[in-house]
Every structure is written in C-alpha cells, then in structure tokens.
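What follows draws every value from the coordinates through simple rules; no lab data is involved. These figures come from a predicted structure and were not determined experimentally. Here the Cβ is made from the backbone with ideal geometry for all residues, glycine too, and neighbour counts use every protein chain on show.
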C-alpha cells in the first residue's frame, strides 16, 4: 500500500516538461469534494454546505503552477437517485469520469466505508486506463488510529475489486494539511502539454451560474431538514445601473429562488421576510467579493411545482 505523507514529497525537477490536464473528484455526497477543490484553487469556486447534493454542476477550478496547469472538475455526489434530477446528476458524474486524466475518490476519514463507497469503487474498477487516487478527507476530525484503520480499509477495497490505487493520500482541506502534496502527486499523472487556460483564470464557470450557486448556498443554510434538495436559483438579469458615475458603479442582479411547493415559501422567506433578507445580505457579500464591484441584489421566491421530477422544469432551471 502506497500511502503518502508530506515527508515523502516528490522533488520537482526544473527540467521536467510542462503538464496540463483534468482531474475530477468523485465520492458520495458530502465527502469533502467542493472544500478540497476550493483549497487547491486557493479561492472559492465551488459551493459548500453541510448537507448532501449541494453541488449540481461540474465546476472547473484551475490550479496554476510553474510546472503544470491542473483543471479540477468537481462533480455532484454519486448516489441512488430518487428523482429525475438525481438520475441526471449521476449521468453528469459518469460522463465526467470518461473524459478526465485522473480520478480522485474522496472518502471521509471520520466515516467507515459503506455501501455507497463500495458502489462508487465498483464503478471505478470498470474504468481501466484512468489512474485513480484515493483521497482520505477530513483527517482533522479523527485520531491517528482511526486514520490508519481507514487507510488499510481503502487499500483493501481496491484489492477486493481488482485494481491498484495510484496513490492513497490523507488530507485536511480545512486544516490545509497535505493539500499541496496532493497536487504534487496528481501532476505527474497528467499529459505533457501547454496551459489550457490563461494565467489568472480560476474557473470557466459562467458568472451567472456562480452567482446563482452563491445565492443557493446562502438559501440552504439553516433549512437542511425542511428543504434539502428543493431549492434552485436562476439569475434572470445582470445589468450595470445606468446614470452612475464611472468611479461608483453598481450592478443590478435580479434572481429567482425556486421551490417545489407553496408550503415551502414561508420557510425561505421567514417571519416578515427576515430570512430572505439574510440570504440576500450573505450572498451579496460573496457576489461582491467574486465580481469586485458593488451589487444591488433583488431576490424573489417562486414555486415551480415538483421541479425535480419534471423534465420541462428541469430544462428551464438549467439541468
């Protein structure tokens, strides 16, 4: 079993050829994929929340290094689908796996391997040529004995299914432990070639999609039990405010928060609109940090009945 820790960091040769390619992080919902993507990129490009099914789009985060450009594709968590939306999210994951150069399988250190992990590992075993790295996430939440047991179980899982992990790497994105080492280990597995994106680009996700995701992240906070998967956000319009002096710009953003049933409207809006106001304040700060400009955010809540099961509604909401 090849388990990497910082002391075994590979030495970078200045004469090494430049590499560029794609890696995706897979794993069951809430395995730490988005947090890890953000830690590697050094800035928030994927939304995170303490609940499954937060990521709905594949987000590309771009890591620029002297020796390489690593493009990270963050996928939704693979799960047993109960809705048409769930089926489509799983299709997104499988399509992504087929197109990347390296697959990183995220497994939380603080949760024993379960049926969901084995289901994903079995699918990975059928992808013969792509190197697979097991990434043990959330190591800050466990002691060394628990971590050692998890590393052994993950090594054993690969053997049971007839494949060898290219690496097994324990990391903590929150504690910033071994995150750089993970990038060092992925890079040699990428093809040789020039950079695929301009220096300075951190993602190729359209601004409107990122803004919608930031609003949805704020809207999800605190309603995990009531509305775990029922919220979708669409940015209808983004326009610079007219008649503003050049040194005091203001961007008007009009967005709709969609829910599935009229009874959910009160949960999102809150007493006298207090909750929706908080969602607006929190997401506006994040949007202003993302865009680097002051923003006026206009939020409205709409009902799109059973949108997760309706093909027409899913298309309208971008799935």
**Study point:** Where labels lie 7 Å past Cα in the beta-carbon direction, separation of residue 160 and residue 18 in nm
**Key:** 4.4
Revision key, fill the gap. Per the 1/(1 + (r/R0)^6) rule, R0 = 22 Å and r from the Cβ atoms of residue 199 and residue 291, FRET efficiency to 0.05 is 0.65
Check your understanding: Between residue 125 and residue 278, what length in nm is gained on full extension when 0.36 nm per residue of separation is reduced by their alpha carbon distance?
Key -> 50.6 nm
Review point. Stretch residue 248-residue 112 to full length: gain in nm at 0.36 nm per residue minus the Cα-Cα span?
Key: 43.6 nm
Exercise for review: Would you calculate the separation in nanometres between label points at residue 91 and residue 146, each defined as 7 Å from the Cα along the Cα-to-beta-carbon direction?
Suggested key: 3.9
